[in-house]
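A.B. asks: Attaching a single structure in structure tokens format; questions to follow.
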Amino acid sequence: MNRRDFTNILGMGTAGLMLPSLPAFSRTVAPEALLETGVDVATKKRLADAAMNAAKSRGATYTDVRIGRYLNQFVVTREDKVQNIVNTESYGVGVRVIADGCWGFAAVVDARSEADTAKAAEKAVAIAKANARLMKEPVQLAPQKGYGEVSWKAPITKNAFEVPIKEKVDLLMEVNGAALKNGANYVNSVLFMVNEQKYFASTDGTYADQDIHRMWPLFTVTAIDPKTGKFETRQSLSAPMGMGYEYLQANPSDKITGITTRYNKGYDMLEDVTAAAKQARAKHAAKSVEAGKYDLVLDPSHLWLTIHESVGHPLELDRVLGYEANFAGTSFATLDKWKSKNFNYGSKLVNLVADKTQVGSLGAVGYDDEGVKCKQWDLVKDGTLVNYQAIRDQVHIIGENESQGCCYADSWSSVQFQRMANVSLAAGKTPLSVQQMIKDVKKGIYIIGDGSFSIDQQRYNFQFGGQLFYEIKNGEIAGMLKDVAYQSNTQEFWNSCAAVCDEKDYRLGGSFFDGKGQPPQSSAVSHGSSTTRFNGVNVINTARKI
Amino acid sequence: MLTREEAKKIIDKVLSYAKADETAVSLSGGRTGNIRYARNSVSTSGESDNMSLAITAVYGKRSGTATINEFDDASLEKTVRRAEEIARLAPENPEYMPMLGPQKYLDTNTYAESTAKIDPEYRAKAAFDSIDPCRQKNLTAAGYLEDSTGFSAIGNSKGLFGYNRSTGVEFSITVRTADGLGSGYAARDVNDTSKLSTKAATEVAMQKALASSSARALEPGKYTVILEPTASVELLQNMMGSMDARNADEGRSFLSKKGGGTRLGEKLFDERVNIITDPMNAELPLSPFGGGGGRFGGGGSDGRPQEKVAWIENGVVKNMYYSRYWADKKGVKAIPSPGGIIMAGGTQSLADLIKSTDKGILVTRLWYIRAVDPQTLLYTGLTRDGTFYIENGQIKFPVKNFRFNESPVIMLNNLEALGKPVRAGGHLIPPMKIRDFTFTSLSDAV
């Protein structure tokens, strides 16, 4: 599901009713259907084998088959009303082949028989052969060993689809009530739950059955000042997580206290919305920022998005090579910079790591969508650019002989391609708390939560907002600010990194909607960091009069 | 692709099984195809057909929706029962509005046979016509063409029925110089593909790529700009998308009034600003039913007819859009949200606008546009793929890209001149000359 479809679902309640505009090939189902087991593993293997045999007999030299069942549930509310409850299911099979040296792909909805998948395989071979005529050079696929029949399950403790709808509605009504009681005029709240049941098989000899869960509780509160006619909002400080319903069970150890409470692997929605309502109200009285240079102290609930845009994207090899030139763009981090082995992406404190295995992260799986076992690898080491994110048909370009395992398709009906792994900033190696970090800052701004975000098509120049801004004066927090956005250049920004808090402060943020490709596909990805300080960053004032 | 009669037969069949207080049916389907290329070579192409039926059953203020893509009698009846079961279990929606009865829909011309006939060979040729001239000039093409042909039908147990078929093609092309120092862009969208030349659009992008190479840096600040329609369209679309009356009444919109109420009837823009929607416009025909919708104009539609609406007239806010619930509560007409917008312009060409400019910047495209402040509709983003300095009526040299922070409301007050509208991104937009457009920093991106 992409951001627009999601916005559509959120907006449905206000649009009056009729029919949701669902992602292609999805159907709405009763909530109970989300707990039904899909096609069993033995049948999936038979369907996959039929496709692989059919492709081979038509001349394919490689085939992979993805059998996917994708389940979503949304509970959407505002104030005292349930606006919408939507349950969707999508099931089908995608077959990708190499024939005459060229990729071909075809998919079939609701495939139940071996004849269905064989037919899709034959179509994929025909497309590959037709496209081969326009091809410049044949696909070079990095070797990959087969793992046999394997499985991977997200380590969740409570499947969100097992929790009755009523319990979810009751929670959101309580959340909305707390917002209104604490100063909000309006509140919108949502629970968004995902289960991807994916089966991958390839002619390399892997048959991987995987069960992936994601969970995202979110809200926006709005506080209006009738005297000025102004409105202020504050969004939830939750993160979308690769977790089950247990994310909504916060233990004291999951809470990071301070100027406002932030959350690690457990989220207290009620506590956060109570704080949010008061903070949205307090923003009206906050000081409008004076533009200029500030040292920024960035909370992980904010920094994840800066990492995503300024590190995750420019280090995707397909962008570097120009495959995304017409849409998402290319990259400043060109191959010559990587080859030089001395391109200072950031200061010596900056270690950026790609990881498809991190527990609780959105990107974690056992095997990627071309059957490569997932791993962790360095992108920037002690400030120097050392690697990219690449998949099987790209790694030869950077002299590697195995894929890094970051291939993904957002549906059985979409063709898989290189997507961002979880990309994270490693925690500082020397003990440092947020309080100690702030104590050293003379003129700074402490930013919590993600806000507006924009970056150019080669990932040099960016601008970010946030949810909460606090002025730091001579090592102390001096009060709330508003109208804050910072602008910088990727290399300059990461080289201004002056301190990174230790692993006790390390947390994940992330997005369900990383968009890429034409037609666009969505991918869910997490980014971890500890609170980090950047010196002398340009801050602008965003207040205007109309 | 179903005809009106075929679609009506299925919808009537569904309604004959219905037992709920109210039942609505939406049936849509069609074919989409695409071809994508980069580095002067086709990377992916595909085609898919899909047809799906969604049934909404309502008991009192409880509703449930079920969807299916099989159309035999047993499947239809089963899906009606499923929607009814989901409805019975759903919480009450206090804002539920009873379904509309029969409506009169305009007969809009959204379908072109030329587009319906597109096949894989057509797409390959369209890509070749774009790649080949680039190869010959040692330039690198990356482009995408997507075509769709489909229908949408809606009906309900109160006798409402509507049917529309439509076609569309979207094409975009980015051309880069071999040294990576120049980049140009062009985009086209049409209902009738006989009006599309991928070759002609590519030539525009090629010319911009060559002309934009080795750009010079100018200081950020306030500049007179000429925004091509591909540059201004997203800002205008975002502004029109913010004209929801309920948000304004609730005090959380740029159209909210201090002390309560809305700014309906106030002059917020230069008096030359006129924005309408008109489903019958020959250049920009729209689906005759409104209230949201998917690719073929179906999906979220609540069956309201789309009519000609003036949104901004001589700089004055004339209309806002309403949900049926909010319009009922306020006792006003429930105007659905706008589809393709039409902004009136003048007769001048882009070249004329350049000729009349002493000092300014020509902007081909704005990119990564995000809201900074919903109160003032302040947006940020960057110029991309062809930004040029104009002096004494002539393009002098390419300039490095800028980040902007600007509100379309401020921009449409700082209007200097309007050119002849052209279709861009599903809208009809004139090239605009704007003074004091705010660039806040420089970007090295090409």
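A.B. asks: Which of the residues spanning the stretch A:305-327 are in a loop (DSSP other than H, G, I, E, B) and more than 16 Å from the chain's Cα centre (by Cα)? Quick ask: steps written out before the conclusion?
C.D. replies: Step one: of the stretch A:305-327, the residues in a loop (DSSP other than H, G, I, E, B) are A:313-315, A:322-327.
Residues satisfying the conditions are A:G322, A:Y323, A:E324, A:A325, A:N326, A:F327.
A.B. asks: Now a separate question. Among the residues of the stretch A:532-546, is any free of Cβ contacts under 8 Å to residues at least 60 places away in the same chain, among the small types (G, A, S), outside any strand (DSSP E or B) and surrounded by fewer than 20 Cβ atoms within 10 Å (Cβ to Cβ)?
C.D. replies: Looking only at the stretch A:532-546, we keep the residues that are free of Cβ contacts under 8 Å to residues at least 60 places away in the same chain, and these are A:544-546.
If we keep only those that are among the small types (G, A, S) too, we end up with none.
No, the stretch A:532-546 has no match at all.
A.B. asks: How many residues, within the stretch A:490-519, are part of a strand (DSSP E or B) and under 15 Å from A:L303 (Cα atoms)?
C.D. replies: Here is the first cut: in the stretch A:490-519, the ones part of a strand (DSSP E or B) are A:497-500, A:507-516.
Next cut, under 15 Å from A:L303 (Cα atoms) only: A:497-500, A:507-511.
Matching residues across the stretch A:490-519 total 9.
A.B. asks: Separate question: Could you list, ordered by first residue, the pairs with Cβ atoms under 7 Å in which the first is in the stretch A:326-349 and farther than 19 Å from B:R384 by Cα and in contact (Cβ under 8 Å) with a residue 12 or more places away in the chain and the second is of a type in the set (K, R) and surrounded by fewer than 19 Cβ atoms within 10 Å (Cβ to Cβ), at least 6 apart or interchain?
C.D. replies: A:F343/A:K337
A.B. asks: From the list B:S183, B:S166, which residue is within 18 Å of the chain's Cα centre (by Cα), buried (at least 23 other Cβ atoms within 10 Å of the Cβ) and in contact (Cβ under 8 Å) with a residue 60 or more places away in the chain? So that I can check it myself, show each step before the final result.
C.D. replies: Numbers: B:S183 fails: within 18 Å of the chain's Cα centre (by Cα).
Criteria check complete, one pass: B:S166.
A.B. asks: I would also like to ask the following. For residues in the stretch A:260-279 being of a type in the set (G, A, S) and in a helix (DSSP H, G or I), which is surrounded by the most Cβ atoms within 10 Å (Cβ to Cβ)?
C.D. replies: A:A276
A.B. asks: Please specify each residue of the stretch A:518-546 satisfying the condition of being touching a helix residue (DSSP H, G or I) at 6+ places or on another chain (Cβ under 6 Å) and within 30 Å of A:V415 (Cα to Cα).
C.D. replies: A:H527
A.B. asks: Step by step: first the residues of the stretch A:425-475, then only those that are of a type in the set (F, W, Y) and farther than 28 Å from A:R281 by Cβ, then the one that is nearest to the chain's Cα centre (by Cα). Which residue is that? If you could, list the steps in order and put the result at the bottom.
C.D. replies: Let us first name the residues in the stretch A:425-475 that are of a type in the set (F, W, Y), namely A:446, A:453, A:460, A:462, A:464, A:469-470.
Narrowing the set further to residues that are farther than 28 Å from A:R281 by Cβ leaves A:460, A:462.
Working: A:Y460: 21, A:F462: 19 Å.
Once the filter is applied, the top-ranked residue is A:F462.
A.B. asks: Output yes when any residue across the stretch B:312-333 is within 30 Å of A:A328 (Cβ to Cβ), of a type in the set (A, V, I, L, M), touching a Phe, Trp or Tyr at 6+ places or on another chain (Cβ under 7 Å) and free of Cβ contacts under 8 Å to residues at least 60 places away in the same chain, and no when none is.
C.D. replies: Quick first cut of the stretch B:312-333, residues within 30 Å of A:A328 (Cβ to Cβ) only: none.
So far as the stretch B:312-333 goes, no, none of its residues is within 30 Å of A:A328 (Cβ to Cβ), of a type in the set (A, V, I, L, M), touching a Phe, Trp or Tyr at 6+ places or on another chain (Cβ under 7 Å) and free of Cβ contacts under 8 Å to residues at least 60 places away in the same chain.
A.B. asks: I'd like to check something: does the stretch A:20-35 contain any residue that is modelled with pLDDT of 85 or more, more than 14 Å from chain B (Cβ to nearest Cβ) and within 17 Å of A:A201 (Cα to Cα)?
C.D. replies: Scanning the stretch A:20-35, I find no residue that is modelled with pLDDT of 85 or more, more than 14 Å from chain B (Cβ to nearest Cβ) and within 17 Å of A:A201 (Cα to Cα), so the answer is no.
A.B. asks: Could you grab me the full set of residues in the stretch B:247-257 that are in contact with a helix residue (DSSP H, G or I) (Cβ under 6 Å, 6 or more places away or on another chain) and either more than 7 Å from chain A (Cβ to nearest Cβ) or at positive phi (or both)? First the steps, then the outcome.
C.D. replies: The initial filter retains those residues of the stretch B:247-257 that are in contact with a helix residue (DSSP H, G or I) (Cβ under 6 Å, 6 or more places away or on another chain), namely B:253, B:255-256.
Within the stretch B:247-257, B:S253, B:L255 qualify.
Every residue, every condition in (1) within 21 Å of the chain's Cα centre (by Cα); (2) within 13 Å of another protein chain (Cβ to nearest Cβ), yes or no:
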residue: B:V363; (1), (2): yes, no
residue: B:L366; (1), (2): yes, yes
residue: B:R370; (1), (2): yes, yes
residue: B:Q375; (1), (2): no, yes
residue: B:G386; (1), (2): no, yes
residue: B:P398; (1), (2): no, no
residue: B:F404; (1), (2): no, yes
residue: B:A417; (1), (2): no, no
residue: B:P431; (1), (2): yes, no
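A.B. asks: From the set of residues in the stretch A:454-489 that are part of a strand (DSSP E or B), surrounded by fewer than 19 Cβ atoms within 10 Å (Cβ to Cβ) and in contact with an Asp or Glu (Cβ under 9 Å, 6 or more places away or on another chain), which is nearest to the other protein chains (Cβ to nearest Cβ)?
C.D. replies: A:M480
A.B. asks: Check off (1) buried (at least 17 other Cβ atoms within 10 Å of the Cβ); (2) small (G, A, S); (3) within 8 Å of another protein chain (Cβ to nearest Cβ) for B:G260 and give me the number that stays unchecked.
C.D. replies: (1)
A.B. asks: Tell me, which strands (runs of 3 or more DSSP E) wholly within the stretch A:140-259 include 2 or more residues that are buried (at least 17 other Cβ atoms within 10 Å of the Cβ), away from chain B (no Cβ under 14 Å) and touching a residue at least 40 places away in the same chain (Cβ under 8 Å)? Quick ask: steps written out before the conclusion?
C.D. replies: Numbers: elements: A:148-153, A:186-202, A:206-225, A:230-235.
Hits in the stretch A:140-259: A:186-202, A:206-225.
A.B. asks: Here is a further query. Identify, please: which residue in the stretch A:328-346 is surrounded by fewer than 20 Cβ atoms within 10 Å (Cβ to Cβ), in a loop (DSSP other than H, G, I, E, B) and polar (S, T, N, Q) and is, among those, farthest from the other protein chains (Cβ to nearest Cβ)?
C.D. replies: If we take residues in the stretch A:328-346 being surrounded by fewer than 20 Cβ atoms within 10 Å (Cβ to Cβ), in a loop (DSSP other than H, G, I, E, B) and polar (S, T, N, Q), then A:N342 is farthest from the other protein chains (Cβ to nearest Cβ).
Here is a yes/no grid of residues against (1) under 30 Å from A:V187 (Cβ atoms); (2) of a type outside the set (D, E):
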position: A:A55; (1), (2): no, yes
position: A:G94; (1), (2): no, yes
position: A:A106; (1), (2): no, yes
position: A:D110; (1), (2): no, no
position: A:K119; (1), (2): no, yes
position: A:M135; (1), (2): no, yes
position: A:A142; (1), (2): no, yes
position: A:A160; (1), (2): yes, yes
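Results for (1) assigned by TED's automatic domain parsing to the domain that holds A:G528; (2) surrounded by fewer than 22 Cβ atoms within 10 Å (Cβ to Cβ); (3) of a type in the set (A, V, I, L, M); (4) touching a residue at least 12 places away in the same chain (Cβ under 8 Å), shown as yes or no for each residue.
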residue: A:C374; (1), (2), (3), (4): yes, yes, no, yes
residue: A:V380; (1), (2), (3), (4): yes, no, yes, yes
residue: A:L385; (1), (2), (3), (4): yes, no, yes, yes
residue: A:A390; (1), (2), (3), (4): yes, no, yes, yes
residue: A:Q404; (1), (2), (3), (4): yes, no, no, yes
residue: A:Y446; (1), (2), (3), (4): yes, no, no, yes
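A.B. asks: For residues in the stretch A:291-310 being acidic (D, E) and within 14 Å of A:R533 (Cα to Cα), which is surrounded by the most Cβ atoms within 10 Å (Cβ to Cβ)?
C.D. replies: Of the stretch A:291-310, the ones acidic (D, E) are A:295, A:299, A:309.
Filter once more, keeping what is within 14 Å of A:R533 (Cα to Cα): A:295, A:299.
Values: A:D295: 22, A:D299: 30.
Here the answer is A:D299.
A.B. asks: When you look at A:E89, is it within 11 Å of chain B (Cβ to nearest Cβ) and without any contact (Cβ under 8 Å) to a residue 12 or more places away in the chain, yes or no? Spell out how you get there, then give the answer.
C.D. replies: Working: within 11 Å of chain B (Cβ to nearest Cβ): yes; without any contact (Cβ under 8 Å) to a residue 12 or more places away in the chain: no.
Spelling it out, it is not the case that A:E89 is within 11 Å of chain B (Cβ to nearest Cβ) and without any contact (Cβ under 8 Å) to a residue 12 or more places away in the chain.
A.B. asks: Just to be sure I understand, how many residues within the stretch B:139-184 are more than 17 Å from B:A211 (Cα to Cα), among the charged types (D, E, K, R) and in a strand (DSSP E or B)? Step through it out loud before you land on a result.
C.D. replies: At the first step, the residues of the stretch B:139-184 found to be more than 17 Å from B:A211 (Cα to Cα) are B:142-172.
In the following step, the residues that additionally are among the charged types (D, E, K, R) were identified as B:146-147, B:158, B:165, B:170.
Then drop every residue that is not in a strand (DSSP E or B), which leaves B:146-147, B:165, B:170.
Here the count works out to 4.
The values are calculated or read from the model by the stated rules, or taken from the named source; none is laboratory data. Remember, it's a predicted structure, so these values are computed and weren't measured experimentally. Positions of Cβ are backbone-derived with ideal geometry, glycine not excepted, and every protein chain shown enters the neighbour counts.
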